[in-house]
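Some notes on the structure that comes next.
The values are calculated or read from the model by the stated rules, or taken from the named source; none is laboratory data. As the structure is a computational prediction, the values presented were derived from the model and not from experiment. Here Cβ is always computed from backbone atoms with ideal geometry, including for glycine, and neighbour counts include all displayed protein chains. When the accessible area is computed, the model is the full protein with side chains, heavy atoms only, and any ligands, DNA or RNA have been set aside. Shrake-Rupley method; radii C 1.70, N 1.55, O 1.52, S 1.80 Å.
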Amino acid sequence: MSSIELVVTDLDGTLWSYDTPDIPHPSAVAAWLELERRGIPVVVATGRRVASTRAPLATVGLAPNAVVLNGALALDLASDERYHWSHHDPLAAQHALGVFQAHGLDPCVYVDESEVDIYLTSTPATAPEHVAQFGVRARIAELDSIISDRSVLSLAAFGFDRSMLDEIAAELDGRCETHIVPDMFSEHWGITVTPVGLSKWSGVLASCERHDVDASRVLAIGDGVNDIELLTHAAVGLAMADGESVAQAAADHIVPSVADDGWSTILDFV
């Protein structure tokens, strides 16, 4: 009998590549279904929001539990039931907004409301293609009032030189958690800002409780900086061969890239 009771997976760069986002390798889907057949649930842990997590998985018939926005929210994608939720302290969020604006950026402000996923200004710090993905679930607003009046899960900016984002991260150190990630709409980078002490692992712990799983029997697979806590705390941590070096250093094993069907090698470790 396997000692692994739960598999946790990142999406971008792990289940699918940055070159072909939202399209998992066919063998990965087969491996996922085999895990479920063995009674091992799979939980997604991603920096994406709810809608952009749910839609591509649904196209291949999957509706797992998911930890989104780097640990700020966890839910059952099938039922929409939330079971973990964490938001910024208002003062910390106001500080983060000030840091972004000092660099000339109006960040994306993520919330979890019945009709709204994100608040933006008319000049948001992201690509038009990104804004278009939000559709009717985006609202134009004055960000200071949103930070003051709403429960903010995350702030983010995408499509900028890494040096600028490193400066922002340094200025927010100790007040918020920051992750710098590749931007899927450009050759540049993005930064996400979540409450201090929060990580994907926070949502995984809530998922373990929900599934009645021993947190010491988790396998995690990822490729980026925002996967370090997953790979460090999991009983078995797998990093992609083309992932970031810090993720590889945190992992127990390196597996092939998405293009080389790395995700399905999970079956060798459970």
*Enter the angle in degrees (range 0 to 90, nearest 10) between the Cα long axis of helix 162-172 and the first principal axis of the Cα atoms of the chain, meaning the one along which they spread out most.*
80 degrees
*Work out, step by step, the length gained on full extension between D89 and M164: first 0.36 nm times the residue separation, then minus their alpha carbon distance; give nm to one decimal.*
24.6 nm
*Centroid-to-centroid separation of the range 49-70 and the range 196-270 [C-alpha atoms, Å]*: 17 Å
*What are the radius of gyration and Dmax of the range 156-239, computed over its Cα atoms and given in Å?*
14.6, 43
*asked:* As an exercise, identify the GluC sites (Glu not before Pro) in the range 4-94 lying in DSSP coil whose Cβ has no more than 14 other Cβ atoms within 10 Å.
replied: E81
*asked:* Using a 1.4 angstrom probe on the protein heavy atoms only, could you order M164, M240 from most to least accessible area?
replied: M164, M240
*Would you calculate, for the chain, the mean residue ellipticity at 222 nm contributed by helices, counting each DSSP H stretch of 4 or more residues as -39,500 (n - 2.57) and dividing by all residues, to the nearest 500?*
-9000 deg cm²/dmol
*Let me know the volume per residue of the alpha-carbon convex hull for the range 1-109, in Å³.*
135 Å³
*With no solvent and one equal point scatterer placed on each C-alpha of the chain, evaluate the Debye formula and give log10 I(q)/I(0) for q = 0.07 Å⁻¹, two decimals.*
-0.23
*Scale the Cα Rg of the range 50-186 by the rule-of-thumb value 2.2 N^0.38 Å and send over the ratio, two decimals.*
1.05
_Spatial separation of Cα centroids for the range 115-187 and the range 1-23, in angstrom_ = 24 Å
*Considering the chain as a Gaussian network with a 10 Å cut-off on Cα pairs, which listed residue, S199, S257, S148, attains the greatest mean-square fluctuation?*
S148
_Inverse mean reciprocal Cα-Cα distance (Kirkwood Rh) of the range 76-126, Å_ = 12.9 Å
_Per residue, in Å², the accessible surface of the chain once ligands and nucleic acids are set aside, probe 1.4 Å_ = 41 Å²
*Round to a whole number: what % of the accessible area of the range 190-270 belongs to carbon and sulfur, probe 1.4 Å?*
48 percent
*Picking from V152, T126, S163, whose Cα lies most toward the positive end of the charge dipole for the range 117-176 (charges on Cβ: Lys, Arg +1; Asp, Glu -1)?*
V152
*Once you have the alpha carbon radius of gyration of the range 97-167, what is it after dividing by 2.2 N^0.38 Å, with N set to its residue count?*
1.06
*So, with +1 on the Cβ of K and R and -1 on the Cβ of D and E, and no other charges, what is the size of the charge dipole of the chain about its Cα centre, to the nearest 20 debye?*
480 debye
